[in-house]
Amino acid sequence: MTTGVRRRMGVEERKQQLIGVALELFSHRSPDEVSIDEIAAAAGISRPLVYHYFPGKQSLYEAALRRAADELAARFVEPPQGPLGARLLRVMGRFFDFVDDHGPGFAALMRGGPAVGSSTTNAMIDEVRHAAYVQILAHLQVEKPSARLELVVRSWVSLAESTALIWLDGRRVPRAELELQLVHDFGALAAVSAAYDADTAEMLVGILADEPADGPFGELVARLVALVPAVSADVPSVPDQRLR
């Protein structure tokens, strides 16, 4: 039973509460549409008290963005055990959990929201992308990637980001299918790079050797092989250009 008596919060506790309230509101509506009055009301405090802890909406927005960025980066952390395809699928599941829960907030984070052009916001976005890049390299057990492998990983991180943003606009593709497709996209990007780069080819062969036939990459191979009979008759022969 409530007594109507408010518990006093310390400075840091109150700031964290306001950040949480703001992030929750930003998760359901664009930050541009959320006012300081709404944040104050949701936190159960007055508008002037919000300004006591944050000099303005922009600083509160950036604090909420910081929390969202840290949480999103953590979604790419995965123990390095088991087949890579299954690990990436779990990562995509957690990534889309975040996208699902924080739709407008996710879009604001990746597009800059009301802070477009802000060096602080841009730095946070870059941190998320770099954290994802580092985690994927850890999954691949690669410390110093070749130039082509770096392109593969960074391109895939950007693809996951842009795919999620497009998906939020109508959610016309079932989420589970999209998560699997993005894992397949990683395999496809790696395969194309492997055709040009011996180091990537060696890494990919090692990955596929550990993949079960019913895993994400096994399914991708099966889908591609199924396409071959349908197109092979129409494809002209290609000169043998092996890796040198």
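The values are calculated or read from the model by the stated rules, or taken from the named source; none is laboratory data. Because the structure is a prediction, the values reported are computed rather than measured. So basically every Cβ, Gly included, is an ideal-geometry build from the backbone, and we count neighbours across all protein chains shown. For the accessible areas, the whole protein counts, side chains as well, though only heavy atoms, and no ligand, DNA or RNA atoms are used. Shrake-Rupley method; radii C 1.70, N 1.55, O 1.52, S 1.80 Å.
List of remarks:
- Scoring Pro80 on the criteria (1) in contact (Cβ under 8 Å) with a residue 40 or more places away in the chain; (2) open to solvent by less than 30 Å² (accessible area, probe 1.4 Å) leaves a single failure, condition (2).
- Candidates Ile166, Ile125 - the one that is open to solvent by 20 Å² or more (accessible area, probe 1.4 Å) and β-branched (Val, Ile, Thr): Ile166
- For segment 131-161, the set of residues classified as within 16 Å of Phe76 (Cα to Cα) and of a type outside the set (A, V, I, L, M) consists of Tyr133, Gln135, His139, Gln141, Arg154, Ser155, Trp156, Ser158, Glu161, listed by residue number.
- All told, Leu189 meets the bar of being free of Cβ contacts under 8 Å to residues at least 60 places away in the same chain, open to solvent by 20 Å² or more (accessible area, probe 1.4 Å) and either within 19 Å of the chain's Cα centre (by Cα) or under 28 Å from Glu62 (Cβ atoms) (or both).
- Checked against the criterion of being of a type outside the set (Gly, Ala, Ser), within 19 Å of Gly85 (Cα to Cα) and either surrounded by 13 or more Cβ atoms within 10 Å (Cβ to Cβ) or in contact (Cβ under 8 Å) with a residue 12 or more places away in the chain (or both), the candidates Val152, Val205 yield just one match: Val152.
- Qualifying residue in segment 107-117 (condition: modelled with pLDDT of 90 or more and open to solvent by 50 Å² or more (accessible area, probe 1.4 Å)): no
- Among the residues of segment 31-66, the ones that are buried (at least 16 other Cβ atoms within 10 Å of the Cβ) and within 23 Å of the chain's Cα centre (by Cα) come to 8 in all.
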